[in-house]
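For reference, the structure discussed in these notes is given below.
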Amino acid sequence: MSLYDWLLFLHVTGAFFLIGGVVVAGILNLAAIGPKRRPSEIATLYRLIRFAVPLIGAGMLLTLAIGLWLVHESPWNYGYDDAWVIVALVLWALAGWLGGIDGKYQRRTGKFAERLSAEGDVPTPELYARLRAPRALAVSYGSGLLAFAVLGIMIWKPGA
Amino acid sequence: MLAAIRPDSWNLPLFLHVLGSTLTFGATATLALVGFSGLRSGPERAAWLRSLAFRIGGYVLVPAFILMRGGAQWIADKEYPGNAKTPGWLDVGFIVTEPGAILVIVMLILAWLAARRPGFRGAVAVPWLASVYLLALGIAWFAMSAKPGS
């Protein structure tokens, strides 16, 4: 196996970690939105979402670092100024930025659910409002969709 | 890399295959997490988590698996039509997905039984089977991406 083969494997591993982590967080987040969830149940789901964070972080790092290295090592004359590389980098950065905003919001929601769980486990309208806030959901699922869009760009490589 | 050497008509099946694979990985990881969490919880919480694990399996893992396997077959038929000999890295993918389908079915049956019967001992196998399948998926993506021996 050549260096390029190893780099491609690590890059794909990064993509699996990143998108896999996004899927884990997305499924658990969706489960938390479900009707009549008690705060303790929501807190349990948010504790599980924490396992996705290192997966997403490692995926972000691997896809970027190894991806840039791959462009350099590529035998197909790809360059850092290729449109598909630039668009992928912009979408990657945007996904990371939105993911960061979402992560902070989710952590606060998780802590709020933990507090309510310790104070009698009675749900409040405020908790449900946080879980279903349209802007927060748009940021959350928007960051995930951007990761899927980068995957599409990697396959089609428009302009290459 | 592959864009330079593969026809455009292969892009959609490849995208669907990779999309299905990453969704399968994420769904299997979620199933494992929820399953292990269920094993450590009290009876009431465990019942809810087991039911959730079954629903994740049915609503997310199965469609993702079908997308992965369908996309794989579509692109394999384009790349190696008819009786063309398939390379070893592709065979690894089939080895992982075909017995993998049986593993997913067994996992779903156990998750369903675990969701219905609070004392069902087979519940313990669900997150472990999911973990085994995660490992198998890792082997498949190594074979698919690095293509050793090709």
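The values are calculated or read from the model by the stated rules, or taken from the named source; none is laboratory data. A quick note: this is a predicted structure, and the numbers were derived from the prediction, not measured. Using ideal geometry, Cβ is built from the backbone for each residue, glycine included, and neighbour counts are taken over all protein chains shown.
Being surrounded by 14 or more Cβ atoms within 10 Å (Cβ to Cβ) and hydrophobic (A, V, I, L, M, F, W, C) is the filter here; which residues of segment A:69-92 pass it? Residues satisfying the conditions are A:69, A:70, A:71, A:84, A:85, A:87, A:88, A:89, A:91, A:92.
Would you check which residues across segment B:34-54 are part of a helix (DSSP H, G or I) and without any contact (Cβ under 8 Å) to a residue 12 or more places away in the chain and list them? Break it down into steps so the answer makes sense when it comes.
Within segment B:34-54, the subset part of a helix (DSSP H, G or I) is B:34-40, B:43-54.
The answer is B:40, B:44, B:45, B:48.
Of the residues in segment A:24-59, how many are touching a helix residue (DSSP H, G or I) at 6+ places or on another chain (Cβ under 6 Å) and closer than 25 Å to residue B:17 by Cα? Talk me through it step by step, then tell me what you get.
Restricting attention to segment A:24-59, the residues satisfying the condition of being touching a helix residue (DSSP H, G or I) at 6+ places or on another chain (Cβ under 6 Å) are A:24-28, A:31-33, A:39-40, A:42-43, A:45-46, A:48-49, A:51-52, A:55-56, A:58-59.
With the extra rule that they be closer than 25 Å to residue B:17 by Cα, the set shrinks to A:24-28, A:52, A:55-56, A:58-59.
The number of residues fulfilling the criteria is 10.
Take residue A:14 and decide whether it is touching a Leu at 6+ places or on another chain (Cβ under 8 Å), of a type outside the set (Asp, Glu), modelled with pLDDT of 95 or more and closer than 30 Å to residue B:51 by Cβ. Considered against the rule, which asks whether it is touching a Leu at 6+ places or on another chain (Cβ under 8 Å), of a type outside the set (Asp, Glu), modelled with pLDDT of 95 or more and closer than 30 Å to residue B:51 by Cβ, residue A:14 comes out as no. Condition test on residue A:151, is it in a helix (DSSP H, G or I), without any contact (Cβ under 8 Å) to a residue 24 or more places away in the chain, within 14 Å of another protein chain (Cβ to nearest Cβ) and under 14 Å from the mean Cα position of the chain (by Cα)? No. Summed over segment A:1-23, residues that are over 23 Å from residue B:20 (Cα atoms), facing chain B (nearest Cβ under 8 Å) and not aromatic (Phe, Trp, Tyr) total 1. Residues of segment B:6-33 that are of a type in the set (A, V, I, L, M) and at the interface with chain A (Cβ under 7 Å from one of its Cβ atoms): B:14, B:18, B:19, B:23, B:27, B:29, B:33. Among the charged types (D, E, K, R) and in contact (Cβ under 8 Å) with a residue 12 or more places away in the chain: does that describe residue A:81? When the stated conditions are applied, residue A:81 does not pass them. Checking residue A:110 against (1) surrounded by 17 or more Cβ atoms within 10 Å (Cβ to Cβ); (2) closer than 30 Å to residue B:15 by Cα, which test does it fail? Condition not satisfied by residue A:110: (2). Within segment B:135-149, being part of a helix (DSSP H, G or I) and buried (at least 16 other Cβ atoms within 10 Å of the Cβ) holds for B:136, B:137, B:140, B:141, B:142, B:143, B:144, B:145, B:146.
The set of residues in segment A:24-45 being without any contact (Cβ under 8 Å) to a residue 24 or more places away in the chain, within 11 Å of chain B (Cβ to nearest Cβ) and outside any helix (DSSP H, G or I) consists of A:34 alone.
In segment A:124-136 there is no residue that is under 12 Å from the mean Cα position of the chain (by Cα), farther than 30 Å from residue A:76 by Cα and either of a type outside the set (Gly, Ala, Ser) or crowded, with 17+ Cβ neighbours inside 10 Å (or both).
Taken over segment B:55-83, the criterion of being surrounded by 17 or more Cβ atoms within 10 Å (Cβ to Cβ) and either in a loop (DSSP other than H, G, I, E, B) or small (Gly, Ala, Ser) (or both) is satisfied by B:57, B:64, B:71, B:72, B:76.
The residue that is nearest to the other protein chains (Cβ to nearest Cβ), among those in segment A:55-68 that are surrounded by 15 or more Cβ atoms within 10 Å (Cβ to Cβ) and aliphatic (A, V, I, L, M), is A:55. In this structure, is residue A:52 of a type in the set (Gly, Ala, Ser), within 15 Å of residue B:37 (Cβ to Cβ) and more than 9 Å from chain B (Cβ to nearest Cβ)? No: the conditions fail for residue A:52. The residues in segment B:86-112 that are touching a residue at least 12 places away in the same chain (Cβ under 8 Å) and not in a helix (DSSP H, G or I) can be counted, and the count is 1. When the test is whether a residue is closer than 27 Å to residue A:46 by Cβ and assigned to a helix (DSSP H, G or I), residue A:113 passes it.
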